[in-house]
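> Take this structure, written in C-alpha cells, and hold onto it; I'll ask about it next.
The values are calculated or read from the model by the stated rules, or taken from the named source; none is laboratory data. The structure presented is a predicted model; accordingly, all values stated were derived computationally and were not measured. Using ideal geometry, Cβ is built from the backbone for each residue, glycine included, and neighbour counts are taken over all protein chains shown. Protein only, heavy atoms only, side chains kept; ligands, DNA and RNA dropped before computing areas. Shrake-Rupley method; radii C 1.70, N 1.55, O 1.52, S 1.80 Å.
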Amino acid sequence: MEAFLSNIDRVVDGFSWTVRLTLLSAFFSFILGILLTAMRVSPVPLLRGLSTAYIEGIRSTPLTLVLLFCGLGLNSALGVSLADSVALDVFWWAVIGLSAYTSCFVSETLRSGINTIPLGQVEAARSLGLTFTQNLRLIVVPQALRTVVGPLGSVLIALTKNTTVASVAGLGVQEASREMKLMFDQGIAPVLPTFVGFAIGFLILTLPMGYFFGWLSKRVAVVR
Amino acid sequence: MTSTPLVVLENVNKHFGDLHVLRDIDMTVNSGEVVVVIGPSGSGKSTLCRTINRLETVDSGTISLDGQPLPAEGRGLAKLRSDVGMVFQSFNLFAHKTVLQNVTLGPMKVLKQTKAQAEARGMELLDRVQIGNQANKYPAQLSGGQQQRVAIARALAMNPKVLLFDEPTSALDPEMVQEVLDVMTDLANEGMTMVVVTHEMGFARRAANRVVFMADGQIVEENTPDEFFTTPRSERAKDFLSKILTH
Ligand SMILES: Nc1ncnc2c1ncn2[C@@H]1O[C@H](COP(=O)(O)OP(=O)(O)OP(=O)(O)O)[C@@H](O)[C@H]1O
Ligand SMILES: [Mg+2]
C-alpha cells in the first residue's frame, strides 16, 4: 500500500485526466443528445431518419471501434489534427469519440422522458399558438429532463468508466487506467493494492454522482 | 345578435385510413353564437373540433376563420391557433408550471406581452373563474373542476375569436360539473363565440343558440335547443336522445 501511496500524485494526475475527459464528453454528448432528440421528434421525415440512423448505427457499434475509428481512422490515417501536441490531439479525438457514442444514450434517455409527457399538453401548447421549437423548449424538454435526471446520472456514470477505453483503444489517451497500467509496467507498484486503489478512485468519482442525481431527480420531480 | 360568419366549414371531408370520419361537413358559426355539438360516440365530434384549429388536417373542403382560409403551417398557422381557443376533456394543463404561469405562457410567448401585462390580465381571468387564490399552486394540487377553470382562463388569455370545448365536463366528478358549466354559461352570455361538444342538455338549453347533431361523420340535424330536444326530426336523433335521457 505504501508503494501505491508514494505514487499518489501520479494517481491523482491520472484521475484528473479522467475527470477532464468525462466532463467535456458529458457536455458535448448532452448538447448533441438534445439535438438528436429534437430531430427525432421533429415533423420533418428527413431529420427523423438521419437521427434514427445515427443513433441505431453508433449505438450498435462497440465503443472500442468508435474510438479506434476516431483515433486511427480520422486522426492517423486521414491526418485530421485537432491540437499541436500529440497528447492533446488524441485527447480531443477521445472526447469526440466518447461524445459521439454517449450522445446516443443521452438521446434515447431523453426520448423515453418525452414519451412520458401526455400528448394533450403538447396539443394544448400548439393550440395556444406555440411553434414546434417553443413547444419543445418550454413544455416538452423541461418536463422530459426532470423525468430523466436519474437515468441521465446512470449515463454519466457509464461515461466516466468508459473513458478508460480511450487508452486501451489504441489512442493512448492519458487517464486513470492508463496510469495504472504504466505503473504496473514500470514495476513501481504492487498489483493488488494498486488495483484496489484505482477502483476506489472510480468509486469516489461515481458514487457521489449517483447520489447527486438521485437527490436531484427527487427535487425536480413534476407532481402529476 | 350580429350574424357575421366567423367559422365556416365547407364540404369538409376527413379520413383516418379507411374510416370516413367527417363526411361533407358544411357548418357556419356566426360571431357571438354558441353552437352545441352532440352525437353518439365515434360520430366525429372531437375530430370536427380539432380540424377547426387544425390539430387535424382535412382531406378536402375548406375551413375559414373570419373570412381567411386556415393557413397550412408555419407562423400563419400558429397565429390562427392563437385566435382559436381550445379547452380539452382532460384539461391538459402544463404540469411543471403554476396556475398563473399556465395562463401567462401563451400571452408572453405568442402575443409577446410583457410579464407584468400578462400577469395582470392572467390574475384578472383567474379571479373571473374564481381561482385567483390558487394562482401559485401547481395543476396537480387542484381538483378537476378547478383545473378545467384554469384551462378556460388559459384559453381566454389569448383573446381568442372563438373558443372550442371538447367535452369539457366529461372527465369531472359530478359535483364539479356545475362550476365549469357556470363559467361557460357566463362566457356565452357575454357574447363569446363558442363551439361546445357536450351532452349536458341543461347547458345546451340555457346557453346554446343552436344544436348540431352528428352521426357517422355527418351533420344529421341542426336546430334550436328547444326544438331539437323536444321534437327531434331524424330517427337517429330520436334514438340517441332516448338513450341519453333514460340513463
Ligand atoms: N388519430 C386517430 N386515428 C385513427 N382513428 C381515429 C383517430 N382519432 C379518432 N379516430 C376515429 O375516428 C372516429 C371519430 O372519432 P371522434 O373522436 O371524432 O369521435 P367523437 O364523436 O368525438 O367520439 P366520443 O364521443 O367518443 O368522443 C372514431 O371512430 C375514432 O375511433
Ligand atoms: Mg370526442
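> Specify which residue in the list B:Ile152, B:Val177, B:Thr224 is farthest towards the positive end of the charge dipole of chain B, using unit charges on the beta carbon of Lys, Arg (+1) and Asp, Glu (-1), about the Cα centre.
So the residue furthest toward the plus end is B:Ile152.
> Would the stretch B:31-71 count as rounded, prolate or oblate if I go by the C-alpha gyration tensor, calling it rounded below 1.5 in a/c and otherwise prolate when a/b exceeds b/c, oblate otherwise?
Because a/c hits 1.5 or more and a/b fails to exceed b/c, the stretch B:31-71 counts as oblate.
> Once both axes come from the Cα atoms, what is the angle between helix A:141-162 and the longest principal axis of chain A, in degrees from 0 to 90, rounded to 10?
20 degrees
> Rounded to the nearest 0.05, what FRET efficiency is calculated for A:Arg20 and B:Asn159 with R0 set to 56 Å and r the Cβ-Cβ distance?
The computed FRET efficiency comes out at 0.60.
> Across peptide B:79-88, what mean number of C-beta atoms from other chains lies inside 10 Å of a residue's C-beta?
Partner Cβ neighbours, averaged per residue: 3.
> Which of the lysines could be linked to B:Lys243 by a straight reach, that is with a Cα gap under 22 Å, when you skip same-chain ones fewer than 8 residues away?
Those lysines meeting the cut-off are B:Lys45.
> So, counting K/R as plus one and D/E as minus one, what does the shell of residues with Cβ under 10 Å around B:Ala188 add up to?
Local charge sum for B:Ala188: -2.
> Pop a pseudo-label 7 angstrom from the Cα along the beta-carbon direction at both B:Asp18 and A:Ser6 and give the gap in nm to one decimal.
8.4 nm
> How high is the relative contact order of chain A? Use alpha-carbon pairs under 8 Å, at least six apart in sequence, and give a whole percent.
The value is 31 percent.
> May I pose another question? Out of the total accessible area of the stretch B:120-247 (probe 1.4 Å, heavy atoms of protein only), what percent is carbon and sulfur?
It is 44 percent, rounded to a whole number.
> Follow-up question, since we're still on this one. Apply the Karplus parameterisation 6.51 cos²θ - 1.76 cosθ + 1.60, with θ equal to phi minus 60°, to every residue of the stretch B:43-60 and state each ³J(HN,Hα) to the nearest whole Hz, in sequence, with x for glycine and proline.
My calculation for the stretch B:43-60 gives 7, x, 5, 4, 4, 4, 4, 5, 6, 5, 10, 6, 6, 10, 7, 10, 7, 8 Hz in order.
> Now for a separate question. If you roll a 1.4 angstrom probe over the protein chains with everything in place, what fraction of the accessible area of the stretch A:55-104 belongs to carbon and sulfur, to the nearest %?
In the stretch A:55-104, the share of accessible area belonging to carbon and sulfur is 69 percent.
> Also: Is the C-alpha gyration tensor of chain A telling us rounded, prolate or oblate? Criteria: a/c under 1.5 is rounded; beyond that, a/b larger than b/c is prolate, otherwise oblate.
Oblate, because a/c is 1.5 or more while a/b does not exceed b/c.
> Answer rounded, prolate or oblate for the stretch B:84-175, using the Cα gyration tensor with square roots of eigenvalues a ≥ b ≥ c: rounded when a/c is under 1.5, else prolate when a/b is larger than b/c, else oblate.
In terms of gyration-tensor shape, oblate.
> Here's a follow-up. Once phi is turned into ³J(HN,Hα) by the Karplus curve 6.51 cos²θ - 1.76 cosθ + 1.60 with θ = phi - 60°, what whole-Hz value does each residue of the stretch B:223-234 show in order, with x for glycine and proline?
Once θ is set to phi - 60°, the couplings for the stretch B:223-234 become 6, 5, x, 4, 4, 5, 6, 8, 10, x, 8, 8 Hz.
> Just to verify a number: FRET efficiency for A:Ser42 and A:Ile204, C-beta to C-beta distance, R0 = 56 Å, to 0.05?
E(calc), rounded to 0.05, equals 0.85.
> Now a separate question. What whole number of Å gives the distance from the Cα centroid of the stretch B:4-33 to the Cα centroid of the stretch A:30-103?
A separation of 49 Å, based on Cα centres.
> Step through the residues of the stretch A:189-203 one at a time and calculate ³J(HN,Hα) from phi using the Karplus curve (6.51 cos²θ - 1.76 cosθ + 1.60, θ = phi - 60°), rounding each to whole Hz and writing x for Gly and Pro.
For the stretch A:189-203, the Karplus curve yields 9, x, 4, 5, x, 5, 4, 4, x, 5, 4, 4, x, 5, 4 Hz.
> Using only Cα atoms, tell me the angle between helix B:144-156 and the longest principal axis of chain B; keep it within 0 to 90° and round to the nearest 10.
Helix B:144-156 sits at roughly 90 degrees to that axis.
> OK, next. Which order do you get for B:Val37, B:Val58 if you rank them by accessible area with a 1.4 Å probe, largest at the top?
Sorted descending by solvent-accessible area, the residues read B:Val58, B:Val37.
> Cβ under 13 Å from A:Ser167's Cβ, A:Ser167 left aside: what net charge do those residues give with Lys, Arg +1 and Asp, Glu -1?
Spelling it out: positives minus negatives among the neighbours equals 0.
> Which order, highest average first, do B:174-180, A:81-87, A:120-126 follow once you tally other Cβ atoms within 10 Å for each residue and take the mean per peptide?
A:120-126, B:174-180, A:81-87
> Enter the mean number of other protein chain beta carbons within 10 Å of the beta carbon of each residue in B:91-99, as an integer.
That works out to 6 on average.
> Expressed as a rounded percentage, what relative contact order does chain B have, with Cα pairs under 8 Å and six or more residues apart?
Relative contact order here is 26 percent.
> Another question, if that's okay. Mind giving me the FRET efficiency for B:Lys137 and B:Ser41? R0 is 41 Å, r the Cβ-Cβ distance, nearest 0.05 is fine.
0.75
> How big is the gap, in Å, between the Cα center of the stretch B:90-142 and the Cα center of the stretch A:147-198?
50 Å
> From Cα pairs below 8 angstrom and at least 6 apart in sequence, can you work out the relative contact order of the stretch A:1-132, rounded to a whole percent?
Relative contact order of the stretch A:1-132: 34 percent.
> Does anyone have the angle between helix B:174-189 and the longest principal axis of chain B? Alpha-carbon axes, 0 to 90°, nearest 10?
Tilt relative to chain B: about 90 degrees.
> Let me ask something additional. Which values, in whole Å and largest first, are the semi-axes of the equivalent ellipsoid of the protein assembly as shown obtained as the square root of 5 times each eigenvalue of the Cα gyration tensor?
Equivalent ellipsoid semi-axes, largest first: 60, 24, 18 Å.
> Still on this structure: Which value, in Å³ per residue, describes the convex hull spanned by the Cα atoms of chain B?
131 Å³
> So, one more: In Å² (nearest 100), what accessible area is buried between A and B, both sides summed, heavy protein atoms only, 1.4 Å probe?
About 1900 Å² of accessible surface is lost on pairing.
> Please give me the summed charge of the neighbours of A:Glu179: other residues whose Cβ is under 10 Å from its Cβ, Lys and Arg +1, Asp and Glu -1.
+1
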